Structures are given as C-alpha cells and as structure tokens.
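Q: One structure follows; several queries about it will come next.
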Amino acid sequence: MKLQLEGQSARVRLAEAELDRLLAGATAEDLAMAEARVQMAAAALASAQAQVAQGAIVAPFAGQVGTIS
C-alpha cells in the first residue's frame, strides 16, 4: 500500500512538472514529439482497422441463410 501511494505521488509530481513546462510554452521539439505521437496513434488505428476488416466475413451477394447444418 505504501509503495502504491509513493508511486501515485510520483505520478502527481511528474504531471505537475509536465503542466508547468507546457504552460511555459511549447518548444519546436515539443511540437515535433506531439506530432510523432499523433502519427503513431494514427498508424495504430489504421492497423486495428485493417485487422477488423480482415476478420469480417462479407457475402458476395445479398441474401439470408436458409438452414445451418
């Protein structure tokens, strides 16, 4: 329990430091890193969408299944 509390406290301190840095103004490097994170997220989304599309079963024509044996 104590370790969890210390971990959460460290996360709060890191978040506060990050907020202070961002409030001071973003640098070109910050913007480049943010852009890279967006591109990585877009690539991950495209990959997930491709996996979903590959897993979909599409009939070659419209209709209904009459019986399942």
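Listed here are the residues, each with its yes/no results for (1) open to solvent by 100 Å² or more (accessible area, probe 1.4 Å); (2) touching a Phe, Trp or Tyr at 6+ places or on another chain (Cβ under 8 Å); (3) part of a loop (DSSP other than H, G, I, E, B); (4) touching a residue at least 60 places away in the same chain (Cβ under 8 Å).
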{"residue": "R13", "(1), (2), (3), (4)": "yes, no, no, no"}
{"residue": "L23", "(1), (2), (3), (4)": "yes, no, no, no"}
{"residue": "A34", "(1), (2), (3), (4)": "no, no, no, no"}
{"residue": "Q39", "(1), (2), (3), (4)": "yes, no, no, no"}
{"residue": "A44", "(1), (2), (3), (4)": "no, no, no, no"}
{"residue": "Q49", "(1), (2), (3), (4)": "yes, no, no, no"}
{"residue": "A53", "(1), (2), (3), (4)": "no, no, no, no"}
{"residue": "P60", "(1), (2), (3), (4)": "yes, no, yes, no"}
{"residue": "G63", "(1), (2), (3), (4)": "no, no, yes, no"}
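Q: While we're looking at this one, here's another question. Which residue out of L23, L45, L19 is on the phi < 0 side of the Ramachandran plot and modelled with pLDDT of 85 or more? Give the steps one after another, and end with the answer.
A: Values: L23 fails: modelled with pLDDT of 85 or more; L19 fails: modelled with pLDDT of 85 or more.
Unique residue meeting the criteria: L45.
The values are calculated or read from the model by the stated rules, or taken from the named source; none is laboratory data. No experiment lies behind these values; they were computed from the predicted model shown. All Cβ positions, glycine included, derive from the backbone under ideal geometry; neighbour counts span all protein chains shown. Just so you know, the surface numbers come from the protein's heavy atoms only, side chains and all, with ligands and any DNA or RNA stripped out. Shrake-Rupley method; radii C 1.70, N 1.55, O 1.52, S 1.80 Å.
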